[in-house]
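The values are calculated or read from the model by the stated rules, or taken from the named source; none is laboratory data. These numbers were taken from a predicted model, which means no experiment stands behind them. Cβ placement follows ideal geometry from the backbone for every residue including glycine, while neighbour counts extend to all protein chains displayed.
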């Protein structure tokens with residue numbers, strides 16, 4: 001029977017893990033409320049569901065702001081700089097090889113995807129605020145876009161497009177965690193719960209790429 005030996009290191013601090021959970025739950029609940037709104041379309045509960053969706057949007061915006069702030073002032077592995085590896089991204093594209101060197105911290109290649117998703121979430125938050133103003137006359141953009149139904153398409157199309165991309169990201173993110181745990185025999189999913197990352201003793205960490 002094969003015996004595997006791991007090294008472990010505390011990587012993700014409690015505040016980062018709370019922010020991650022906050023944003024994750026907010027995104028899942030936002031997706032759920034969209035499904036509920038479709039189910040109750042033109043029914044008595046539709047407006048209530050959209051109001052809940054708007055408040056969950058505010059919660060996500062709060063989480064994004066918190067992540068940005070913590071990415072600037074937080075500990076080393078929480079900082080945005082820990083996710084910034086353009087040389088590794090370029091090498092992966094040039095060599096068409098998407099296998100990262102193991103390290104304690106955010107995976108170099110996955111970090112590029114995470115940063116792109118954060119950028120999409122910022123755009124989605126803005127377009128969501130625009131829709132809240134144009135369709136429901138609420139929110140901080142209401143003074144500019146309130147009761148302007150003609151501007152609905154301006155915000156709705158990019159909002160729905162990014163919504164589809166985010167659903168794809170959630171599915172792929174979960175699938176990638178499962179696949180890597182099975183293939184690499186290394187626990188990954190628990191990292192944002194316990195704060196620990198694990199490496200096989202046979203793997204050598206390299207933080208210089």
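Run down 55, 118 and say which single residue is in a helix (DSSP H, G or I) and either farther than 24 Å from residue 191 by Cβ or in contact with a strand residue (DSSP E or B) (Cβ under 6 Å, 6 or more places away or on another chain) (or both).
So the residue among 55, 118 that is in a helix (DSSP H, G or I) and either farther than 24 Å from residue 191 by Cβ or in contact with a strand residue (DSSP E or B) (Cβ under 6 Å, 6 or more places away or on another chain) (or both) is 55.
Could you say which residue among 165, 129 is in a helix (DSSP H, G or I), touching a helix residue (DSSP H, G or I) at 6+ places or on another chain (Cβ under 8 Å) and closer than 23 Å to residue 189 by Cβ?
Going through 165, 129 in turn, the sole match is 165.
Checking the structure you have, find out if any residue of the range 35-46 is farther than 16 Å from residue 119 by Cα and touching a residue at least 24 places away in the same chain (Cβ under 8 Å).
The answer is no, given that none of the residues of the range 35-46 is farther than 16 Å from residue 119 by Cα and touching a residue at least 24 places away in the same chain (Cβ under 8 Å).
Kindly evaluate residue 133 against the criterion of being more than 16 Å from the chain's Cα centre (by Cα), without any contact (Cβ under 8 Å) to a residue 24 or more places away in the chain, over 28 Å from residue 76 (Cβ atoms) and surrounded by 17 or more Cβ atoms within 10 Å (Cβ to Cβ).
Yes.
Can you name the residue in the range 88-123 that is in contact with a helix residue (DSSP H, G or I) (Cβ under 6 Å, 6 or more places away or on another chain) and more than 19 Å from residue 71 (Cβ to Cβ) and, of all such residues, is surrounded by the fewest Cβ atoms within 10 Å (Cβ to Cβ)?
98
Hey, does the range 93-102 have a residue that's within 24 Å of residue 124 (Cβ to Cβ), part of a loop (DSSP other than H, G, I, E, B) and in contact (Cβ under 8 Å) with a residue 24 or more places away in the chain?
Scanning the range 93-102 turns up no residue that is within 24 Å of residue 124 (Cβ to Cβ), part of a loop (DSSP other than H, G, I, E, B) and in contact (Cβ under 8 Å) with a residue 24 or more places away in the chain.
Going by the structure shown, is residue 188 farther than 25 Å from residue 34 by Cβ, modelled with pLDDT under 85 and within 18 Å of the chain's Cα centre (by Cα)?
Criteria met by residue 188.
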